[in-house]
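The values are calculated or read from the model by the stated rules, or taken from the named source; none is laboratory data. Predicted model, so just to flag it, every value in this text is computed and none were measured. Counting neighbours? That spans all protein chains shown, and the Cβs are built from the backbone with ideal geometry, glycine included.
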Amino acid sequence: MHDLSQDASVTASQKPASGYLTFTLHAHLPYVVNHGTWPHGMEWLHEAAAETYLPLLRVLGNLERDGIALHCNLNLSPILLEQLAHPIFKAEFPKYVERKITAAREDESFFSSTNEPHLAETARFWQRFFTDALDDFRRLDGDIIRGFRYFNNAGLIEIITSGATHGYMPLLGTDESVRAQVRTAVAAHIRHIGKHPRGMWAPECGYRPAGSWNYPVANADGSPTAPGFNRIGVEQALSESDIEYFFVDTHLVEESARATSPYPVARGSIASPESATLVQKQDRNLYQPYFVDGPYDKRYATTVFPRDPRTGVQVWSGDAGYPGDPNYLDFHKKRWPGGHRYWKISGPRVDMADKEPYYPHAAAERVASHAAHFLHLVRETLQPGFSKELPPILCSPFDAELFGHWWFEGPMWLEAVARNLNDYPNDIALINCSDYLDRFPRAGFIAMHEGSWGAEGTNHVWMNPDTAWTYTHIYPAELFTREVCSGHRWRESELSQRIVKQLCRELLLLESSDWQFLITTGAARDYAELRFHTHDDQFNAIKEIWLTWQAHGHISAEQENRLAAIEARDSIFPDIDPSFWATGAHQSPTPISTPAGN
């Protein structure tokens with residue numbers, strides 16, 4: 001890894017191209033610090049750090065050394081940043097890696113004793129892999145964020161943000177909750193990264209337009225269901241916080257309506273009407289960014305990038321895509337107690353007992369082939385738009401943890417794509433979204449309907465018969481928090497501020513979309529339900545503490561101890577601002593100054 005003894009600020013050169021490719025990697029995990037270890041909990045964070053985040057930093061360093069940049073958009077979700085910076089993670093991660101190294105040594109000894117030299121060599125491979133992870137971690141002084149911040153400052157990647165705790169915005173119950181997810185995220189991003197984010201990964205690529213909305217479930221506490229209201233769209237919450245762009249799934253743009261706007265735009269420019277018409281005729285609607293229409297100040301309109309479906313399937317699908325190649329490392333078969341993997345996928349639907357040994361060199365050869373094939377698909381997809389006024393851009397968004405954790409060879413594949421584009425003459429270039437928007441206009445305004453990148457393209461993954469009960473708790477919690485934060489009493493003392501700040505933290509954790517996702521997919525249903533109940537119980541405990549303080553101006557010693565314990569357990573967002581949840585609270589978009597003479 002590159003020596004990151006001090007941050008740098010380097011502008012990477014960008015060659016002109018006929019078409020552009022932009023990767024967006026969404027790095028996110030639910031809050032697990034102080035909430036279990038194995039099989040669910042801190043182990044998730046350790047695995048992601050060792051298998052995805054540190055290998056990705058290694059790839060970025062390898063490319064930088066050779067004068068190459070990935071130019072990806074990397075979302076480090078605010079709640080992930082909070083965890084990577086947490087003292088408990090920094091203290092426990094080296095112990096986890098040392099356990100993995102020890103287990104690999106024990107495996108080597110076992111395989112040597114059973115005369116299985118290839119598996120013994122693979123055990124040595126794991127020793128090297130985790131030793132490299134430990135060395136990289138120590139070289140960063142335990143600060144993984146610092147590593148990514150270096151490449152961000154150098155202009156080699158662009159770090160963007162997400163909802164504070166990955167709350168699924170189409171189903172949040174108040175405008176204030178949506179805005180608070182965004183505003184808290186921006187504040188955390190600035191604190192960790194040092195710059196205001198220009199882009200955001202809307203959690204689950206979830207989008208909702210402005211319009212009339214009614215609460216879909218009753219309140220669990222028996223209180224009356226709040227009346228429906230006209231809510232803001234996602235684009236307005238982002239625009240108010242100076243977020244310039246976000247991402248949606250393919251179908252939201254394909255099914256969108258082209259809109260016109262009489263407003264001049266302060267962020268970027270719009271293509272001519274003739275160009276916009278041409279885009280429609282050439283069916284390039286998925287390969288241009290668009291301003292999002294809606295009832296908000298469109299002088300500061302936000303931009304949306306649609307996901308490309310064809311290349312997406314190639315990269316994420318274990319059935320039809322690259323990760324399912326028989327030569328790649330099998331994710332599921334592990335040798336215990338160490339949990340190391342020694343077998344390749346071997347073929348579709350091959351029984352666990354019949355998996356064949358993994359050969360890293362054979363997998364590396366497939367990586368090169370798959371990188372070349374991917375770029376062939378990108379060029380084939382973009383080529384119809386090469387001669388047009390607006391160079392097309394293909395947006396490939398993925399969960400970052402796909403690369404390394406789920407698909408072990410994924411980071412090598414990303415590096416191979418970047419090297420291929422650098423080494424061979426072509427008319428495609430890598431670019432991040434901000435650079436593209438700074439250089440080229442939007443294709444027009446579009447109006448989108450509600451949806452996500454989840455199954456069925458709707459809210460179904462997060463609101464279904466198995467998860468609807470969670471919202472019966474979330475909605476009254478959101479309304480109570482808004483009521484408290486809209487008043488002034490929470491500001492009266494240090495204690496009252498502590499209580500309400502923790503109330504807001506527990507609400508944010510309650511709103512995490514991860515709980516519904518894990519319940520629906522069955523990936524860790526028991527853990528997700530336990531976590532939701534934990535934060536619901538803690539929210540209600542803080543609520544009772546607040547009501548006691550509100551009535552008497554003080555709380556009992558037992559309540560003080562309970563508050564302190566919850567604060568210690570869920571110590572996220574130290575600068576959290578309850579005023580974000582006050583009725584109607586929002587910030588105004590920052591005007592962009594015009595250079596003199598323009």
Checklist entry - Considering the stretch 301-333 alone, what residues qualify as being part of a loop (DSSP other than H, G, I, E, B) and exposed (fewer than 14 other Cβ atoms within 10 Å of the Cβ)? => result SER317, ASP319, ALA320, HIS332
Item to check | Which numbered condition ASN153 fails, given (1) among the polar types (S, T, N, Q); (2) over 25 Å from the mean Cα position of the chain (by Cα); (3) at negative phi | outcome: (2)
Checklist entry - Going by the conditions given, is SER109 hydroxyl-bearing (Ser, Thr, Tyr), modelled with pLDDT of 95 or more, in the same structural domain as ARG146 (by TED's automatic domain parsing) and more than 14 Å from the chain's Cα centre (by Cα)? => result yes
Checklist entry - So which helices (runs of 4 or more DSSP H) stay within the stretch 15-110 end to end and still have 1 or more residues that are free of Cβ contacts under 8 Å to residues at least 40 places away in the same chain? => result 42-48
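Residue-by-condition table, conditions (1) over 26 Å from the mean Cα position of the chain (by Cα); (2) modelled with pLDDT under 95; (3) farther than 30 Å from GLU456 by Cβ:
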position: LEU495; (1), (2), (3): yes, no, yes
position: ILE499; (1), (2), (3): yes, no, yes
position: LEU503; (1), (2), (3): no, no, yes
position: PHE517; (1), (2), (3): no, no, no
position: ILE542; (1), (2), (3): yes, no, yes
position: GLU560; (1), (2), (3): yes, no, yes
position: PRO595; (1), (2), (3): yes, yes, yes
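Out of the residues in the stretch 192-235 that are among the β-branched types (Val, Ile, Thr) and in contact with a strand residue (DSSP E or B) (Cβ under 9 Å, 6 or more places away or on another chain), state the one that is nearest to LEU172 (Cα to Cα).
VAL234
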Checklist entry - Here are ALA528, ALA524, ALA477: which of them is within 14 Å of LEU171 (Cβ to Cβ) and among the aliphatic types (A, V, I, L, M)? => result ALA477
Item to check | The listed residue being in contact with a strand residue (DSSP E or B) (Cβ under 6 Å, 6 or more places away or on another chain), on the phi < 0 side of the Ramachandran plot and not aliphatic (A, V, I, L, M), out of GLU494, GLU511, GLU558, GLU529 | outcome: GLU511
Checklist outcome for this item: Those residues of the stretch 186-214 which are outside any helix (DSSP H, G or I) and more than 14 Å from the chain's Cα centre (by Cα) amount to GLY194, LYS195, HIS196, ARG198, TYR207, ARG208, PRO209, ALA210, GLY211, SER212, TRP213, ASN214
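Results for (1) surrounded by 14 or more Cβ atoms within 10 Å (Cβ to Cβ); (2) assigned by TED's automatic domain parsing to the domain that holds PRO306; (3) within 16 Å of ALA180 (Cα to Cα), shown as yes or no for each residue.
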site	(1), (2), (3)
ASP435	yes, yes, no
ASP438	no, yes, no
GLU478	yes, no, yes
ARG482	yes, no, yes
TRP490	yes, no, no
CYS504	yes, no, yes
Checklist entry - Given the structure, is GLN516 crowded, with 21+ Cβ neighbours inside 10 Å and closer than 21 Å to ILE542 by Cβ? => result no
Checklist entry - Do we find a residue being surrounded by fewer than 18 Cβ atoms within 10 Å (Cβ to Cβ) and of a type in the set (Asp, Glu) anywhere in the stretch 54-64? => result no
Checklist outcome for this item: In the set ILE101, ILE88, ILE68, the lone residue that is assigned by TED's automatic domain parsing to the domain that holds GLY155 and under 25 Å from ILE393 (Cα atoms) is ILE68
